[in-house]
1. Which condition from (1) acidic (Asp, Glu); (2) crowded, with 18+ Cβ neighbours inside 10 Å; (3) not assigned by TED's automatic domain parsing to the domain that holds residue 151 is the one that residue 237 breaks?
2. For region 184-202, check the following and say yes or no: at least one residue is farther than 27 Å from residue 10 by Cβ and either at pLDDT 95 or above or in a loop (DSSP other than H, G, I, E, B) (or both).
3. Quick test for you: out of 82, 118, 156, 147, pick the one residue that is under 18 Å from residue 206 (Cβ atoms), buried (at least 17 other Cβ atoms within 10 Å of the Cβ) and of a type in the set (D, E, K, R).
4. What are the pairs, 6+ residues apart or on separate chains, where a residue within region 283-309 that is more than 10 Å from residue 339 (Cα to Cα) has its Cβ under 9 Å from a residue that is in a strand (DSSP E or B) and acidic (Asp, Glu)?
5. Here is a list of conditions, (1) among the aliphatic types (A, V, I, L, M); (2) within 19 Å of residue 289 (Cα to Cα); (3) surrounded by fewer than 16 Cβ atoms within 10 Å (Cβ to Cβ), and residue 361 meets all of them except one; can you say which number that is?
6. Please determine, by comparing only the residues of region 89-107 that are without any contact (Cβ under 8 Å) to a residue 40 or more places away in the chain and within 21 Å of residue 205 (Cβ to Cβ), which one is surrounded by the most Cβ atoms within 10 Å (Cβ to Cβ).
7. Is region 63-86 home to any residue that is in a loop (DSSP other than H, G, I, E, B) and of a type in the set (S, T, N, Q)?
8. Let me spell it out: the conditions are (1) surrounded by fewer than 22 Cβ atoms within 10 Å (Cβ to Cβ); (2) modelled with pLDDT of 95 or more; (3) more than 26 Å from the chain's Cα centre (by Cα), and residue 302 meets all of them except one. Which number is the exception?
Amino acid sequence: MTLPVNQILEGDCIEILKTLPEKSIDLIFADPPYNLQLRNDLHRPNMSRVDGVQDGWDKFESLQAYDAFTHHWLTACQRVLKPTGTIWVIGTYHNIFRVGAILQNLGFWILNDVIWLKTNPMPNFRGVRFTNAHETLIWASTSREAKYTFNHHAMKGLNEEKQMRSDWWLLPLATGAERLKDENGEKAHSTQKPEALLYRILLASSQPGDVVLDPFFGSGTTGVVAKRLHRRWIGIEREKRYIELAQKRIDSVTPEPFDPAVFDVRSPAKAAPKVEFSALVEQGYVQPGQTLFFRKDTQRLAIIKPDGRLRTADGFEGSIHQAGSHYMNGAPCNGWEHWFVQQADRMVSLSEIREQFRLEMGLYHRV
């Protein structure tokens, strides 16, 4: 089956997910019903009614019914997610802890819980609780051992070259010109998420051309941001009025032309053409029998074997990474950065020799 990319699919997300190919989606963003359990209208001190979430899709007869619903849609998402894919789920204290437990029970591995701190939260008008000023996002991979996309380099770029933390500030609610309105000038969707929030999520955990799925598409924020960042997207939505709203919104977006050099935000190391250490041995950039020095330490040595493995001074044999880990008492090791060869009057890392190989072999022109 061909994936229905860049389309909004009308219907129940659980049933539609069953029709999509297995392991076909790179990233899922889910903004499910929160089950707010509101019983009465909420009023401000001046007795004006708060335009809160009163929609039928947010109401469940019990916590058990909500848990069953959550289990079903997460299971359906698990089937279509690639082994290298990840899922983001957003919620509040009403539901996010239940969602997290079900994610773990299904075998997902939680990578982070991210706190979206709102700069303009709705006050607690009755004064009986703290103002609820944040929502929680859970980011999870398909398993503990799974390899997944994380554009660490790009997140540092958004954060003045510092590591991005899990508390996200300065991301306001969708208000003003961004807030979609209906024909009466009222909010067209009660839980519209800001584009800045989806921008950060998609930039962090997907690449251009990846397929991003939103099973609760709503007002279409995921599709808007995906289109701007040159990701393919699939939206699932059962409310026809939201579909019309979202489609009109997405159609109005004209992204800048795609340029891989611009939209590829991977770190230079990850974006560079892959090279095996054995290729350097075969091509004569390093020699069988040549001595390598671990972290420039003349006491921690290894000899290059003809098959590209290393043999350490104490007899251990393995890849450049395994031999480095051996000298680090089993800790993970990037052998490219830690092994050096003596060239004339200086030590040169394997990483530098690899870069020389890429340039001289013209590998950058082939990607």
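The values are calculated or read from the model by the stated rules, or taken from the named source; none is laboratory data. It should be emphasised that the depicted structure is a prediction, and the values quoted were computed from it without experimental measurement. Cβ atoms come from the backbone with ideal geometry, glycine included; neighbour counts cover every protein chain shown.
1. With (1) acidic (Asp, Glu); (2) crowded, with 18+ Cβ neighbours inside 10 Å; (3) not assigned by TED's automatic domain parsing to the domain that holds residue 151 applied to residue 237, the lone miss is (3).
2. Checked region 184-202: at least one residue is farther than 27 Å from residue 10 by Cβ and either at pLDDT 95 or above or in a loop (DSSP other than H, G, I, E, B) (or both).
3. Every option except 82 fails the conditions.
4. 305/317; 309/317
5. Tallying (1) among the aliphatic types (A, V, I, L, M); (2) within 19 Å of residue 289 (Cα to Cα); (3) surrounded by fewer than 16 Cβ atoms within 10 Å (Cβ to Cβ), residue 361 fails exactly one: (2).
6. 103
7. No, every residue in region 63-86 fails to be in a loop (DSSP other than H, G, I, E, B) and of a type in the set (S, T, N, Q).
8. Of everything listed in (1) surrounded by fewer than 22 Cβ atoms within 10 Å (Cβ to Cβ); (2) modelled with pLDDT of 95 or more; (3) more than 26 Å from the chain's Cα centre (by Cα), residue 302 misses just condition (1).
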